[in-house]
Amino acid sequence: MTVYTKQWNKEKKKVANAQTALNKANKTNSAILSKKKSYKAIVDADQKKIDEMKKGVNYYQKKGKWVKRKKSKPLTKKQSAEIDKLQKDATKNNTKLNNAAFKKKVNNAENAVKNAKKVSTKAKTARDSYEKLRHQTALKRIATERKLNYEQYLAPHASIHATNSMTGLEVFLFASTEAESNESEATTYPIDRDDPVVDHVRRTGKTITVTGWLFDQSKTDRIWAGKVNDVSGAGLTKKTVQQQFANLRKWQFDGTELVYKSDWVKKSGFNHIYYKHLYMTSLEKTLDAPYKGGVQISITFQFAYKARVATKKKKKNGGKKGPGNKKGGSKKVKKITVKYGMTYWGLAKKWKTTVTQLRKWNGSEKKTMYPDKKTGKYPKKLRVR
């Protein structure tokens, strides 16, 4: 569906090459840092053993505490030999650690990572800027195509295109019927002597159903011919109904967010439906009475906003773990009492978490957000943090 131009491929290649270079620099830097840590760990371990052995000369342990000797205890030949061996090993690794060539290698590796990050960021910024420009141009192209289509065909018509279109690809449908269906879920509870009562109504979905016709576009009647390296690509929009139907089917299978707009300008006697944030859930074509160059189709759209996943950066623990430590302790678990009108969506927004996380902590909202039908009491408290 996306038509990549030479410039776009060039920008994408720059990003890929920059990311490869960054991964390579990170790998090299990690290996050098690992070696540096290894040298430091050996030196520290050897020195710790030496200090413990020397400490035994002047101190001894009594009931888990170090007590100073009245008279120093001399080292044995075995202990002296062990200390000499540890000292040599520590000196050897300390020399490697402080070697000028090794230090230079460490600095070069760190600088290589910094430079690679700069190049990667620059490449991504350039690519994003180019894609933004393409998207703006694509939207202008879509508006122009819609205008030309309205001037050429006076039948009731509609257009469909990707919300984040980069190509200006648009499929025109001569709509015969358009229907909107809204659904809500009402939670009711029976009472002794009257009709049930309701305490919560929740919107569950909106669907748009459209039926209409796709028609071939000849070379002379094509809405927009396009150019080889143009935003709309070569030969867009597609000229046959089979190609147009294939575009719709790909949008459906890819889960592409779509915009549906009928009658690009309001006119007396014409309906005007304009929806964004649509996802195609059903696509049918009817061939019971086919015409040459035309096919009847039916589409069902689901209206929905794309979910935003809340992510948080992990904070480094600055002290010992524990709920009483303000500096480095982890956050305490927070629970609240369920009240009338609360929803997982509202709680997620208030406590800066996600609906998925609330379900993971507490279970389905069907069991946690509604009172018991017999007692009228709400379930146990909910964890929100």
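The values are calculated or read from the model by the stated rules, or taken from the named source; none is laboratory data. Owing to the predicted nature of the structure, the values given are computational and were not obtained by experimental measurement. Each accessible area value is taken on the protein alone, full model and side chains, heavy atoms only, with ligands, DNA and RNA left out. Shrake-Rupley method; radii C 1.70, N 1.55, O 1.52, S 1.80 Å.
On each of the three principal axes of the Cα atoms of segment 1-77, give max minus min coordinate, whole Å, ordered largest first.
Principal extents (largest minus smallest coordinate, Cα): 87, 28, 12 Å.
How would F253, F303 rank on accessible area, largest to smallest, probe 1.4 Å?
F253, F303
Which length gain, in nm to one decimal place, applies between K292 and D51 when the Cα-Cα distance is subtracted from 0.36 nm times their residue separation?
Value of the extension gain: 77.3 nm.
When a/c is below 1.5 the answer is rounded, else prolate if a/b is larger than b/c, else oblate, so apply that to segment 103-191 with a ≥ b ≥ c taken from the square roots of the Cα gyration tensor eigenvalues.
Note, shape of segment 103-191 comes out oblate.
Take the residue pairs K37/K117; K13/K349; K24/K306; K49/K77; K103/K124 and return only those whose Cα atoms are more than 27 Å apart.
With Cα atoms farther than 27 Å apart: K13/K349; K24/K306; K103/K124.
Please arrange S298, S165, S176, S38 by accessible surface area, largest first, computed with a 1.4 Å probe and ligands excluded.
S176, S38, S298, S165
Please list the non-local residues whose amide H lies under 5 Å from the amide H of Y59, H modeled 1.01 Å from N, same-chain partners needing a gap of 5 or more.
Counting only residues 5 or more places away or on other chains, the set is R69.
Hey, if we sort M342, M369 by accessible area with the 1.4 Å probe, largest down, what's the order?
Most to least solvent-accessible, the answer reads M342, M369.
Send over the Kirkwood Rh of segment 52-100, from the inverse of the averaged 1/r over different Cα pairs, rounded to one decimal Å.
It works out to 12.8 Å.
Leaving out ligands and nucleic acids, and using a 1.4 Å probe, what accessible area per residue does segment 72-160 come to in Å²?
Ligands and nucleic acids excluded, the result is 67 Å² per residue.
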